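Worksheet: the structure to be examined is printed underneath.
The values are calculated or read from the model by the stated rules, or taken from the named source; none is laboratory data. Everything quoted here is computed from the prediction, not taken from an experiment. Cβ sites come from the backbone with ideal geometry, for glycine too, and all protein chains shown count toward neighbours.
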Amino acid sequence: MDKGYDVHGVIRRSSTFNTGRIQHLYSNPTTHQGGKMKLHYGDMTDSSCLVKIINKVRPSEIYNLAAQSHVKVSFDLSEYTAEVDAVGTLRLLDAIRTCGLEKEVKFYQASTSELYGKVHETPQKETTPFYPRSPYACAKLYAYWTVVNYREAYGMFSCNGILFNHESPRRGENFVTRKITRSVAKISLGLLDHIELGNLDSKRDWGHAKDYVEAMWMMLQQKTPDDFVIATGETHSVREFVEEAFRYIGVEIEWRGEGIMEQGVDKSSGEMRVCVNSKYFRPTEVVSRIIITFNFNR
Ligand SMILES: C[C@H]1O[C@H](OP(=O)(O)OP(=O)(O)OC[C@H]2O[C@@H](n3cnc4c(=O)[nH]c(N)nc43)[C@H](O)[C@@H]2O)[C@@H](O)[C@@H](O)C1=O
């Protein structure tokens, strides 16, 4: 098996973190003693357990963040990704209906800027056509339209949050921001020699997860359900992210070579700190994701 961080990272995470499993169904704190959070084990591929949990908790709001969320991994685990991210969303919405709660539960769907993929217009907004570029994005596209359909067909308060990348120290280690920051920390401690990365020129709009979670909540507090794009409006390349991260440990990175042979070198010592490894390339990549509008008044 591929010994890359990405694949191993996600498999390890699947038992404990946010992949296909539902770890939490957050219900209205007032319905629980002392406002404490309760944990229920569930799985997005198991309809009956979703029904049982919803029936037991009787939540007022559901935030569906359960997913196989790694884009590169979705090329290897495409069927699983579709099961969890696409059909899983359908199962969850149907479970709400089975429990007779479609008029009471507000539903948030973690949609994604990956839906835009090969972008049709810049900046992207709620009306920009989608062009998914990975099994992950295709699965999320199915989920997106299911949420819209259940809103229109059954009058459910269901919203899509089309969120651009949102990061924090809790981000999984196999996503590029944490991979870089953890590696730079290890390099500064002498525990690692260099980082291997994929596409250095890929650009992303990286926001802070805390702000975006607040935006998720705000969507469910609107008078009527709708779909919203959330982003900072600023993009940076992976290359810039690397340079900035090394600046924190007092290292200036100088780029030498081209393409697969390109290296990031510590300007003062001449030591190689970054190199390119094609195993982190994606068969298709998002072309450009230069951003957005906050459209709370569409
Ligand atoms: C909005 C969206 O946001 C996330 O998806 P993502 O943007 O694919 O996130 P990432 O951190 O894996 O990649 C960011 C960029 O960085 C490039 N890159 C270079 N070198 C490596 C590298 O070595 N590892 C990784 N992972 N990426 C690399 C890679 O090619 C890509 O262009 C998920 O939350 C997703 O669920 C979601 O919905």
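In segment 106-119, what residues are more than 16 Å from the ligand (Cβ to nearest atom) and buried (at least 24 other Cβ atoms within 10 Å of the Cβ)? Write out each step before concluding.
To start, the set of residues in segment 106-119 that are more than 16 Å from the ligand (Cβ to nearest atom) comprises 106-107.
Across segment 106-119, the qualifying residue is only Phe107.
Identify, please: which residue in segment 157-184 is small (Gly, Ala, Ser) and without any contact (Cβ under 8 Å) to a residue 60 or more places away in the chain and is, among those, farthest from the ligand (Cβ to nearest atom)? Per the criteria, the residue is Ser168.
Of the residues Phe157, Phe228, the single one that is within 30 Å of Glu104 (Cα to Cα), in contact with a Pro (Cβ under 9 Å, 6 or more places away or on another chain) and either modelled with pLDDT of 95 or more or not assigned by TED's automatic domain parsing to the domain that holds Leu65 (or both) is Phe157. Every listed requirement among (1) farther than 26 Å from Val84 by Cβ; (2) free of Cβ contacts under 8 Å to residues at least 12 places away in the same chain is met by Lys125 save one, (2). Among residues of segment 47-86 being of a type in the set (Asp, Glu) and buried (at least 16 other Cβ atoms within 10 Å of the Cβ), the one that is nearest to the chain's Cα centre (by Cα) is Asp85.
Would you mind listing the strands (runs of 3 or more DSSP E) fully within segment 135-245 where at least 3 residues are crowded, with 17+ Cβ neighbours inside 10 Å? Give the derivation first.
Details: elements: 157-163, 195-197, 228-230.
Here the list reads 157-163, 228-230.
Only one of these is away from the ligand (no atom under 16 Å from the Cβ) and assigned to a helix (DSSP H, G or I): Leu101, Leu92. Name it.
On the way: Leu101 fails: assigned to a helix (DSSP H, G or I).
When all the criteria are applied, what remains is Leu92.
Here the condition is being out of contact with any Phe, Trp or Tyr (no Cβ under 7 Å at 6 or more places or on another chain), within 16 Å of the ligand (Cβ to nearest atom) and not hydrophobic (A, V, I, L, M, F, W, C); of Glu214, Glu243, it holds for Glu243 alone. Assigned to a strand (DSSP E or B), at negative phi and touching a Leu at 6+ places or on another chain (Cβ under 7 Å): does that describe Val265? Against the criterion (assigned to a strand (DSSP E or B), at negative phi and touching a Leu at 6+ places or on another chain (Cβ under 7 Å)), Val265 does not qualify. For first residues located in segment 61-73 and in the same structural domain as Ala139 (by TED's automatic domain parsing) and more than 7 Å from the ligand (Cβ to nearest atom), partners that are modelled with pLDDT under 95 and assigned to a strand (DSSP E or B) and lie 6+ apart or on another chain with Cβ distances below 6 Å form the pairs Ala66/Ile22.
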